[in-house]
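The values are calculated or read from the model by the stated rules, or taken from the named source; none is laboratory data. Since we're looking at a predicted model, the values are computed, not measured. FYI the Cβ positions are ideal-geometry reconstructions off the backbone, even for glycines, and counts take in every protein chain you see. Protein only, heavy atoms only, side chains kept; ligands, DNA and RNA dropped before computing areas. Shrake-Rupley method; radii C 1.70, N 1.55, O 1.52, S 1.80 Å.
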Amino acid sequence: MSSVELVGVAKSWGESTALHGVNLAIHAASFCVFLGPSGCGKSTTLRIVAGLESATAGQVLIDGKDVTTLPPAQRGIAMVFQNYALFPHLSVAQNIGFGLSVRKVPAAESERRVKETADLLGLAALLERKPSQLSGGQQQRVALGRALVAQAKVCLMDEPLSNLDAQLRQEMRRELRELQRQLGLTVIYVTHDQAEAMSMADQVVLLSQGRIEQAGAPRELYARPATTFVARFIGTPPMNLVALEGGRIAGSDVATGVPAATLGVRPEAVRLAGAGEGFDAVVQSAEYLGADLVLRCSVGSESLLVRTEGQHQVAPGTAVRLAWQAADAHGFDAQGRRVH
Ligand SMILES: Nc1ncnc2c1ncn2[C@@H]1O[C@H](COP(=O)(O)OP(=O)(O)OP(=O)(O)O)[C@@H](O)[C@H]1O
Ligand SMILES: [Mg+2]
């Protein structure tokens with residue numbers, strides 16, 4: 001089992017800086033997800049861990065050992081790329097065993113390991129097929145098999161499921177997570193899909209513009225976002241972020257009791273209240289999602305999303321009262337940092 005540590009890892013290309021001194025510890029046998037919008041530095045960080053890219057500054061440690069200057073082959077890692085990169089003219093068995101033959105592993109051992117890996121991934125009946133004769137999910141598993149057969153303890157995956165349809169993606173997420181637990185792998189997984197990150201990760205590392213905005217368990221990021229960026233990125237619909245003026249919702253006389261520039265409250269924490277509580281708002285629009293009904297309500301110059309039960313029927317223009325528990329209110333300063 002391996003842990004991965006990044007110490008002050010920075011990366012620049014000429015004038016442009018992709019990573020600013022990233023510090024991060026990833027526990028052995030855990031599932032870590034790098035999450036963030038396009039261009040935030042997810043792939044660059046992964047490629048530096050793999051040794052496919054060199055850091056401008058800082059160190060990479062695997063199992064406590066400094067591997068910063070080691071070539072990829074000596075780091076004990078395996079990598080699965082977004083496009084799988086399978087060899088079209090080789091069979092499934094040859095694709096899985098490719099790395100072993102390159103490393104001159106004896107034929108008998110190689111055959112045994114390919115078979116074990118194929119069994120594990122449910123590919124045993126497909127070993128003689130070519131990649132073009134496989135479904136997207138099966139190709140994905142072959143790519144995974146090629147990484148697993150190497151018996152590397154650290155497995156890096158860059159958006160490995162992005163080519164699959166929604167249902168297959170869901171299935172593969174579950175399979176991947178089970179496999180990771182079963183084999184005790186340390187996985188670093190890149191995605192820009194927050195739902196994927198939340199459902200798979202032990203630790204989510206949310207990046208923005210080459211910096212870590214927040215790293216922690218999915219529940220931590222959801223319950224206590226460190227910044228407005230995290231608040232907006234995690235959760236659907238995202239957290240409401242409402243401008244305050246002297247503690248009141250901007251353009252209204254609704255006092256929130258939150259001493260901050262911006263109030264954050266999750267749509268699922270806002271409820272439709274009775275006449276005696278909360279404050280007045282007007283429904284602007286309603287989005288029906290089956291189990292949920294999401295209302296956009298206006299208060300002063302701000303608007304708030306309210307997530308309520310799908311069986312409710314509320315027409316635009318309806319006057320409602322809204323309320324939430326004090327503990328569900330988050331406060332952020334003008335720079336977007338949590339203060340409350
Ligand atoms: N070889 C390179 N030369 C110059 N700039 C690069 C190079 N590779 C990446 N960058 C820049 O570094 C930044 C981070 O890129 P990176 O590929 O890590 O983003 P990402 O988070 O993986 O995005 P995506 O979700 O689109 O894959 C981007 O601004 C990108 O333009
Ligand atoms: Mg990328």
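I want the local charge near VAL190. Using Cβ-Cβ distances under 12 Å, sum +1 for each Lys or Arg and -1 for each Asp or Glu among the other residues. Please report the intermediate quantities before stating the final value.
Values: positive: LYS42, ARG47; negative: ASP158, GLU159, ASP193, GLU196.
Charge balance in the 12 Å sphere: -2.
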query: What is the distance, in nm, between label points placed 7 Å from the Cα along the Cα-to-Cβ direction at THR56 and at GLN82?
result: 2.2
query: Could you give the accessible area per residue of the chain, probe 1.4 Å, as a whole number in Å²?
result: 47
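If you roll a 1.4 Å probe over segment 238-332 with all protein chains in place, what percent of the accessible area is carbon or sulfur? Each step should come with its number before you reach the end.
On the way: 2170 of 4530 Å².
In segment 238-332, the share of accessible area belonging to carbon and sulfur is 48 percent.
By how many nm would the segment from ALA223 to SER132 lengthen if fully extended, with 0.36 nm per residue of separation less the alpha-carbon distance? Display every interim value, and only then the final one.
Values: separation 91, 0.36 × 91 = 32.76 nm, distance 4.46 nm.
The ALA223-SER132 span can extend by a further 28.3 nm.
Please state the shape class of segment 238-332: rounded when a/c is under 1.5, otherwise prolate if a/b exceeds b/c and oblate if not, all from the C-alpha gyration tensor. Could you put the intermediate results ahead of the total?
Numbers: a/c = 1.84, a/b = 1.59, b/c = 1.16.
It comes out prolate by the Cα gyration axes.
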- request: Within segment 122-151, list the trypsin sites (Lys or Arg not before Pro) lying in a DSSP loop whose Cβ has at most 12 other Cβ atoms in a 10 Å radius.
  value: none
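Does segment 4-228 come out rounded, prolate or oblate by the C-alpha gyration tensor, with a ≥ b ≥ c the root eigenvalues, rounded set by a/c under 1.5 and, if not, prolate when a/b is larger than b/c and oblate if not? Before the final figure, lay out each step's value.
Numbers: a/c = 1.96, a/b = 1.48, b/c = 1.33.
It comes out prolate by the Cα gyration axes.
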- request: Show which lysines lie in cross-link reach of LYS130 when reach means a straight Cα distance below 22 angstrom and same-chain residues fewer than eight apart are skipped.
  value: LYS115
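Among the GluC sites (Glu not before Pro) in segment 71-162, which ones are in a DSSP loop with at most 13 other Cβ atoms within 10 Å of the Cβ? Mind listing them?
Values: sites: GLU109, GLU111, GLU116, GLU128; in loops: GLU128.
Hits after loop and neighbour filter: GLU128.
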Extreme residue, positive dipole direction of the chain, given options THR236, ALA319, SER162 (C-beta unit charges): SER162
- line: In this structure, the FRET efficiency calculated for ARG103 and ALA125 from their beta-carbon separation, with R0 = 22 Å, to the nearest 0.05, is 0.25
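What ranking of LYS130, LYS11, LYS65 comes out by heavy-atom accessible area, probe 1.4 Å, highest first?
Numbers: LYS130 80, LYS11 15, LYS65 115 Å².
So, going from the largest accessible area down, we get LYS65, LYS130, LYS11.
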message: In whole percent, and with a 1.4 Å probe on the protein chains, what portion of the accessible area of segment 146-187 is carbon and sulfur?
response: 42
